[in-house]
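Below is one structure, written out as structure tokens; the observations come after it.
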Amino acid sequence: MRRAVLLLVLLVIGWLGVGVVIAGPAAAHATLVSTDPGEGARLDTAPAEVTLRFSEGVSLGAGYARVLSADQERVDAGAASVDGGTLTIPLRGDLPDGGYLVTYRVISADSHPVAGAFSFAVGDAELLAAGAGADGDASDPVVAALLPAARWAGFAGLALAVGLPVLAACCWPAGWASPRLRRLAEGGAVAVAVAALAGFALQGPYAAGAGLGSLADPALIAATAGSGAGWAALARAVLAVALLLVLRRSWRRTTPPGRPVLAAAAAVAGALVVATAATGHPVAGPWPGLAVAVAVVHAAAMCVWLGGLVGLLVAVLRPGTSAADVSTALPAWSRLAFAAVVALVVSGVVQSVREVGSPAALAQTGYGQLLVAKLLLVVLVLAAAGVSRVWVQQRLGVRRPRRRRTVTAHAFSATAPGERTEPAAESLAAAAERDRAQAANAAEHLPSLRRSVLVEVVLAAVVLALSAVLVGTPPARSAVAQPVDAVLPLQGAAGASAGSVQVSVDPARPGENALHVYLFDDAGRLAQPAEIRVTLTERSQEIGPLDVALQPAGPGHFVGDGMTIPGAGTWALTVSVRLDEFTALSATTDFPVR
């Protein structure tokens, strides 16, 4: 286990070194990139539709997308449509002058809801406060607490349903006769099925921002059943029941099952692990295939290690266990656990790099802080595992292979037909006696090993709880500040487009930022305006509009070095351009500042 701890430290140090130099793009959680009309836009005529563009694909599912008037009446016409990361809300054709509020709650590819609101105005009407229609944006606290609890039960059940049969098949054949292992493995499969169904039932209210009273809402159930998260939950429930049936057949006899039964159990267990891993953060963002493969390795290694630990604790490391069982199970388990730990460490670091992106996000985001707590607990678990491994090495002689080998040459003489050559009886007897003595000594000192394994199990259960919370937390990549780089159409008062503007804000954090603005005509050439103005507004905090000082940096290029953003929030950057005495255009983009 010391090598596993060293590997973890080296991988984390390497990631920190690389993260200082580069930071990847945001991934694994949708964020709003731009809207049309923009937040706070003032139009002469009402638009035919409202368009929202997100950083990745989204779906409506059990969510909503609507446009409200000043008296909270809906003015959208027909159902909203989603095409990849673009959400389009059609509007009625007879909208009068007034303020309008767009409020939405969509589901990102990782099954988490993304909610928000913004307003625009037609004519000289007042803009509506964004909070007026955001009452249902927050998730119900009871639902938000029950979902991680269901995930934890599912993870723990998966470890038992998969890890205990692996322990019996690979390390302790006598375990097939243990009623404790049988009951725990079957109970684990039941826990996976129940947790999957509970997650399916809670996903609808979670996505819609509703409470437990809507668990039986047919619309929410139908929306969940049509989503990827819903299908994954149902698949886990079916596979868990299938694994339960296979396990009952496997433990029906008190002897190891045959290869066909083991092959069937392995196939069902493998599919169950894939169905558990191939949902949430891994399926969103770049390289989903690789991310799912890494998540499958991580989940499988967790099952083998944690399930095996529980099996040792409840069946092998008990008073009265025969010395032969101890000497058979522990050395084989020590080797298997080491391989599982290495797989856990490597796959866990790869997942962390993908979800966090840069070392700075570990301290700046809730996801990163939870991940740090999990890593610290993992180090403690590995330390306890190291103590257990040393115990096995000392009591049962399981040592690392020597680097130098000695080869002894023997001379053989011809033997008469029918005569057999056998090792010396004394050597065999001495080896057998030595093994019996080691096994008896190990059996006498089991309480000390049981204590270290108990520490491993308790800490691993806490790690599972943190993992259940992390699965439902937006990744650090989507919560940490990201530079803004967007190309927006320039629109006139009548809604007609004429050219475009490219804006970049770096690093999009409170304090000083660098702003670059490029103006293009309809042909894509840099254009020089007669006048240009850039403002910043944070409407929910009633800040702005704040003018940004610009300096020309070339044809159609303007720079705002030292542009100050007062604080965190969702800021609207508006570019107003006057091409000549009669042509005025503008464009607005919203961006988060954290």
Place a point 7 Å from the Cα of Val261 along the Cα-to-Cβ direction; which residues of the range 156-180 have their backbone N under 11 Å from it? 176-177
Taking only Cα atoms of the range 157-247, the Rg to Rh ratio with Kirkwood Rh works out at 1.15
Theoretical FRET efficiency, 1/(1+(r/R0)^6), r = Cβ-Cβ of Leu526 and Arg42, R0 25 Å, to 0.05: 0.35
For the range 143-165 and the range 216-246, what is the separation of their Cα centres, given in Å? 15 Å
Sequence of Leu370, Leu146 when ordered by accessible area, the most exposed leading, probe 1.4 angstrom: Leu146, Leu370
FRET efficiency, 1/(1 + (r/R0)^6) with R0 22 Å, evaluated for Val292 and Arg594 via beta carbons: 0.20
Grab the Cα-Cα distance for Ala498 and Val559, subtract it from 0.36 nm times how many residues apart they are, and report the gain in nm with one decimal. 19.8 nm
For a label point 7 angstrom out from the Cα of Val142 toward its Cβ, which stretches of the range 213-237 have the backbone nitrogen within less than 11 Å? 213-215
Please compute one quarter of the surface area of the Cα convex hull for the range 249-306 and express it in square nanometres. 4.8 nm²
Can you compute the modelled spin-label distance between Arg252 and Ala149, with each label point 7 Å from Cα toward Cβ, in nm? 3.7 nm
Taking just the alpha-carbon atoms of the range 482-593, what radius of gyration and Dmax come out, in angstrom? 13.5, 39
Contour minus end-to-end for His516 and Gln369, with contour as 0.36 nm per residue of separation and end-to-end as the Cα-Cα distance? 49.6 nm
Find the Cα radius of gyration of the range 66-175, compare it with 2.2 N^0.38 Å by division, and give the number to two decimals. 1.82
Expressed as a fraction of 2.2 N^0.38 Å, the rule-of-thumb size for a compact globular protein of N residues, what is the C-alpha radius of gyration of the range 33-122? 1.03
Alpha carbons only, please: Rg and Dmax for the range 291-371, in angstrom. 17.2, 53
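The values are calculated or read from the model by the stated rules, or taken from the named source; none is laboratory data. Only a predicted model underlies this, so the values are computations on that prediction, with no experimental measurement involved. Ideal geometry is used to build each Cβ from the backbone, glycine not excepted, and the neighbour counts take in all protein chains shown. Each accessible area value is taken on the protein alone, full model and side chains, heavy atoms only, with ligands, DNA and RNA left out. Shrake-Rupley method; radii C 1.70, N 1.55, O 1.52, S 1.80 Å.
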